Amino acid sequence: EPWGYTPLECLARGVAAVTSDLSGFGDYLKHVPIGDEDHGAFSVERYNKSFDESATDLANILFNFITRTPRMRIDMRNKSEDLSESFDWKNLYAFYLEAYNA
């Protein structure tokens, strides 16, 4: 799927998610201030990097995640749930309708 709903589903449940900028959601995260690592939304750059560079970035994301304190992970979980509200159907419906009617 071009947008990639799986990371959103994870965030809605308070679970951190890693995606790449090859998906619509991963690309979107690179361009908005609300999606960041403190919110549990991680996006690996793939467009402008080699496979090895992207793999190293992914390894760093995972390492940084597992070295967070329990308090930091709880805070991330809460922020991820808050972030997911931005993508609630009540906020996105108008955009889907506009695209459909275009």
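Worth pointing out:
- Rg followed by Dmax, in Å, when the chain is reduced to its Cα trace: 14.5, 48
- The protection proxy used here, the mean number of other Cβ atoms lying within 10 Å of each residue, ranks peptides 82-88, 63-69, 19-25, 38-44 as follows, highest first: 38-44, 19-25, 82-88, 63-69.
- Under Karplus coefficients 6.51, -1.76 and 1.60, residue-wise ³J(HN,Hα) of region 22-29 in Hz, glycine/proline x: 7, 9, x, 5, x, 5, 4, 4
- Unit charges at the beta carbon, dipole of the chain: most positive-side option, F25, T67, N91: T67
- Each label point was placed 7 Å from the Cα along the Cα-to-Cβ direction; for I66 and E53 their separation is 2.6 nm.
- For region 1-74, the dipole from Cβ point charges (+1 on Lys and Arg, -1 on Asp and Glu) about the Cα centre works out to 340 debye, to the nearest 20.
- Residues whose placed amide H lies under 5 Å from that of S20, excluding near-sequence neighbours: G26, V44
- Fraction of the pair-distance distribution of region 44-102 above 19 Å, Cα-Cα pairs, percent: 60
- Relative contact order for the chain: 31 percent, from Cα pairs under 8 Å spaced at least 6 residues apart, divided by residue count.
- Helix 51-66 axis, angle to the chain major axis (alpha carbon atoms, nearest 10°): 80
- Burial ranking of peptide ranges 46-55, 93-102, 70-79 (average Cβ count within 10 Å, highest at the top): 70-79, 46-55, 93-102
- For K49, the aspartates and glutamates whose Cα comes closer than 16 Å to its Cα, not counting residues fewer than 8 places off in the same chain, are D21, D27, D57.
Laboratory data are not the source of any read-out in this text; all were calculated from the coordinates shown. Since this is a predicted model, take the numbers as computed values, not measurements. Glycine gets a Cβ as well: all are built from the backbone with ideal geometry, and neighbour counts include every protein chain shown.
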